[in-house]
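Below you'll find the structure, written out as structure tokens, and then a few comments.
The values are calculated or read from the model by the stated rules, or taken from the named source; none is laboratory data. What you see is a predicted model; the values in this text were computed from it and never measured. Cβ atoms come from the backbone with ideal geometry, glycine included; neighbour counts cover every protein chain shown.
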Amino acid sequence: MATPEQSVLFSWDDVELLPDLRRLKFVLDHLPDGEIIAALERRRGRGRNDFPVRPMWRALLAGVVLQHPTAAALLRELGRNAQLLALCGFEALPRQSAAVVRVKRDRRSGRLVRDGRAPPQRPSVPTEWAFSRFMASVVDLERRDGLVSALAPKLRRELLKALPDYGECLGADGKAIRSHSTGRTLKGKRRTSDPDADRGVHAHRGVDRRTGKPWERVASWFGHKLHLVADTKHELPVAFSVERASVSEQKVLPRDLAALFAEEPVLADRCRFLSADRGYDQEKLKAWLWDAHRIRPLLDTRELWREGWDALPAQPGLPKLRPLHPDRVDNVLHSGRGEVFCRCPATGEMRPMAFQGHDERRAALKCLCPAVAYGLQCAGRAQCCRDAGIPESSCGRSLRIHLRKANRRILLPTPHGTTTWRREYARRSALERMNSRLDNDFGFERHTIRGKARMTARAGLALAVMMALALGSVRANAPERMRSLIRPPPAQAA
């Protein structure tokens, strides 16, 4: 942890810090940044040390915590805020440079005389040039060794120890981040001002349930994409990666999850649900989550039935359905999202079957006749049992759907639309709030960042600040403040 080494006659530690500065001290006390500081000090070596590494690193973190949009805004704040200057570790007063005796020959007398000029004063606040050079060194450490992005795994291990339910409910999402580059090819060159970025397109498609008409919205940007895996119960980051805007989310998430679970076996055993939007919908990922880790995939399912779509029967307020067992005559149908319905053989009315749970031993879903489960009157109840070849009873018809023989993309251990699915999938909105926090509070909506390494370092610092604040709040017995950038941190952290 970065701690100032110098001592002054008057210390601002004797004065109660403002809430914003307490929050900064909270982050500095819980951020495992010792390896980064050691690497920066080795990099500097015996070079000029007008502004030491530790105060400069603290000032960089202050810009993230205090939400300064640019380095110039941060330096202006350092110049007028003595408490912030002292908390970062800079000297409050300008430093006098060591006197250098210069001897020169007088032109008239020919004698050697001393130069009487006073030595210059070195400012206490870093210059923009010095700060930009320091940030370039931090970015270079990320590019070579990934030290900035390594802060998140260290904090994740501490959060796994501090929060017993951290990681039980995970969510994944991809966030578009525009580059500061316009994306236009430079004159006389075959590249843009940000060679690491490219253009991404995100299309939203669906079918209006009321009118039945398809709709589509297309958004494009030039830049990168932040692939985030987060805890949806506590709204805290778990893992992240930054890729080009054109890289598909369906390729990145399986890779990131495999690396995450291999690095943190405790998290793989603790996780119970993984939620994501329909952009991640793929059969291989859903099957791997359940078969390898017993994680229930709550990935919104796309309706990919295109062949024979117009010939499928439709009823108002219900999705289009297909027989669950096309090879035999049956009254059980299912939608493109895995919802199971029963069709009354007498009236033709469609009713959703009652989900009775997932039998892990048999790897099957159990559904019950809606007339029995909900106490409804069904005119074709007896005929339905005869068609299925089972005797009529008060228990009605029950159905087991064996998942290994079914479409693993559509039929899941927790079917789409069930109470558990809706409750746990609703937690995915935590990712939208985190993305909004990154845009508005951490400055990703308007920035001047170009390059993948710089973007990764900036995202890593923002997410590490989130996790450090949460870790400190939990250790101070104030978990209700773990996500706030406005409320003052607990008094124990001051």
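Counting only residues that are under 32 Å from the mean Cα position of the chain (by Cα) and surrounded by 13 or more Cβ atoms within 10 Å (Cβ to Cβ), give me the helices (runs of 4 or more DSSP H) lying completely in the stretch 348-433 with at least 3 of them. Show your work before the answer.
On the way: elements: 370-374, 381-388, 419-426.
Where helices (runs of 4 or more DSSP H) fall fully within the stretch 348-433 and carry at least 3 residues being under 32 Å from the mean Cα position of the chain (by Cα) and surrounded by 13 or more Cβ atoms within 10 Å (Cβ to Cβ), they are 419-426.
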Check your understanding: When only residues in the stretch 177-221 that are outside any strand (DSSP E or B) and acidic (Asp, Glu) count, which is surrounded by the fewest Cβ atoms within 10 Å (Cβ to Cβ)?
Key -> Asp208
Point to revise | Selected residue (criterion: nearest to the chain's Cα centre (by Cα)) from residues of the stretch 267-281 that are without any contact (Cβ under 8 Å) to a residue 40 or more places away in the chain and over 14 Å from Arg409 (Cβ atoms) | key: Ala268
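Is it true that Leu399 is at pLDDT below 85 and closer than 26 Å to Arg272 by Cβ?
Working: at pLDDT below 85: yes; closer than 26 Å to Arg272 by Cβ: yes.
It is true that Leu399 is at pLDDT below 85 and closer than 26 Å to Arg272 by Cβ.
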Check your understanding: Do you know which residues across the stretch 465-483 are of a type in the set (A, V, I, L, M) and within 16 Å of Met434 (Cα to Cα)?
Key -> Val465, Met466, Met467, Ala468, Leu469, Ala470, Met482
**Study point:** Pairs, first in contact (Cβ under 8 Å) with a residue 60 or more places away in the chain in the stretch 282-306, second in a helix (DSSP H, G or I) and surrounded by fewer than 16 Cβ atoms within 10 Å (Cβ to Cβ), C-beta under 7 Å, six or more apart
**Key:** Gln282/Gln250; Asp300/Arg278; Thr301/Arg278
**Study point:** Members of the stretch 416-437 found to be at pLDDT 90 or above and in contact with a Gly (Cβ under 7 Å, 6 or more places away or on another chain), listed by number
**Key:** Arg427, Arg428, Ala430, Leu431
Check your understanding: Hey, among the residues in the stretch 434-468 that are touching a helix residue (DSSP H, G or I) at 6+ places or on another chain (Cβ under 6 Å) and outside any helix (DSSP H, G or I), which one's farthest from Leu74 (Cα to Cα)?
Key -> Glu445
Check your understanding: Is it fair to say Lys284 is in the same structural domain as Gly206 (by TED's automatic domain parsing), farther than 12 Å from Arg409 by Cβ and surrounded by fewer than 19 Cβ atoms within 10 Å (Cβ to Cβ)?
Key -> no
